[in-house]
Amino acid sequence: AQSVAQPEDQVNVAEGNPLTVKCTYSVSGNPYLFWYVQYPNRGLQFLLKYITGDNLVKGSYGFEAEFNKSQTSFHLKKPSALVSDSALYFCAVRPDRGSTLGRLYFGRGTQLTVWP
Amino acid sequence: DGGITQSPKYLFRKEGQNVTLSCEQNLNHDAMYWYRQDPGQGLRLIYYSQIVNDFQKGDIAEGYSVSREKKESFPLTVTSAQKNPTAFYLCASSTGAEETQYFGPGTRLLVL
């Protein structure tokens, strides 16, 4: 079965400090991995994705994510957090084969709070 | 402006009533999706369609129905059989099943 785990419901960091939002996954075949961000009462905004190639993926708003195949992880990172980064972050995985091709499986989300 | 629109922003349902949520996209995307979001549960797939006149059930299709008569439209009906419909509903689309999904602004459904 395909699954995504975001082990932390909440992450709190001070502005200017680095941030990490964790994601681990279980999927058949090679995964396509995504990060989305959601602001209150809004839809999800795409941040970045990993398909193949370089394990470090750069995305929007200064975010990046590191794919680690041996640890089946895809952690989201940013070197210096901003108060405006405060939002709900979702990790998602898509199998590259089988009957579930095309479907995204989402984690439960991690609420990031950046305080001034 | 290109994008995905959902209407209404808020929708109230009475007991025993069917309601329909609209999702329209002008991105020329082939695939469209409906998700339900409940607090602390992430997004769960209700239905998806990879091409006009075809759609598949997701993980929580019971109590919902869809149609895909036009490429740009994928309406979701919440039927009276859905006993706990209160949630935030998100529509998404992509150029194909293997491409990035982009989301609309969502519809919040509340029960009177």
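A short reminder: the numbers here are calculations on the coordinates, not readings from a lab. Because the structure is predicted, anything quoted here is derived from the model rather than measured. Neighbour counts run over all protein chains shown; Cβ positions are idealised from the backbone, glycine included.
If you go through the stretch B:75-112 one residue at a time, how many are touching a residue at least 60 places away in the same chain (Cβ under 8 Å), farther than 19 Å from A:I51 by Cβ and of a type in the set (D, E, K, R)?
1
Can you tell which of A:K58, A:K78 is of a type in the set (D, E, K, R) and buried (at least 20 other Cβ atoms within 10 Å of the Cβ)? Break it down stepwise before answering.
Working: A:K58 fails: buried (at least 20 other Cβ atoms within 10 Å of the Cβ).
After ruling out the rest, the residue left standing is A:K78.
Please specify each residue of the stretch A:3-35 satisfying the condition of being within 24 Å of B:T100 (Cβ to Cβ) and not in a strand (DSSP E or B).
Listed by number, the residues that qualify are A:Q6, A:K22, A:C23, A:V27, A:S28, A:G29, A:N30, A:P31.
Counting only residues that are part of a loop (DSSP other than H, G, I, E, B) and out of contact with any Gly (no Cβ under 8 Å at 6 or more places or on another chain), which one in the stretch B:73-95 is nearest to the other protein chains (Cβ to nearest Cβ)? Step through it out loud before you land on a result.
Residues of the stretch B:73-95 that are part of a loop (DSSP other than H, G, I, E, B), as a first pass: B:74-75, B:79-86, B:95.
Next, from what is left, pick out any that are out of contact with any Gly (no Cβ under 8 Å at 6 or more places or on another chain): B:74-75, B:84, B:86, B:95.
On the way: B:F74: 15, B:P75: 17, B:N84: 18, B:T86: 15, B:T95: 11 Å.
Among residues in the stretch B:73-95 that are part of a loop (DSSP other than H, G, I, E, B) and out of contact with any Gly (no Cβ under 8 Å at 6 or more places or on another chain), the one nearest to the other protein chains (Cβ to nearest Cβ) is B:T95.
So, of the residues in the stretch B:56-72 that are part of a strand (DSSP E or B), farther than 18 Å from B:E99 by Cβ and not aliphatic (A, V, I, L, M), which turns out to be nearest to the other protein chains (Cβ to nearest Cβ)?
Looking at residues that are part of a strand (DSSP E or B), farther than 18 Å from B:E99 by Cβ and not aliphatic (A, V, I, L, M), I get B:K57.
Right, A:G53: of a type in the set (G, A, S), in a loop (DSSP other than H, G, I, E, B) and within 14 Å of chain B (Cβ to nearest Cβ) or not?
no
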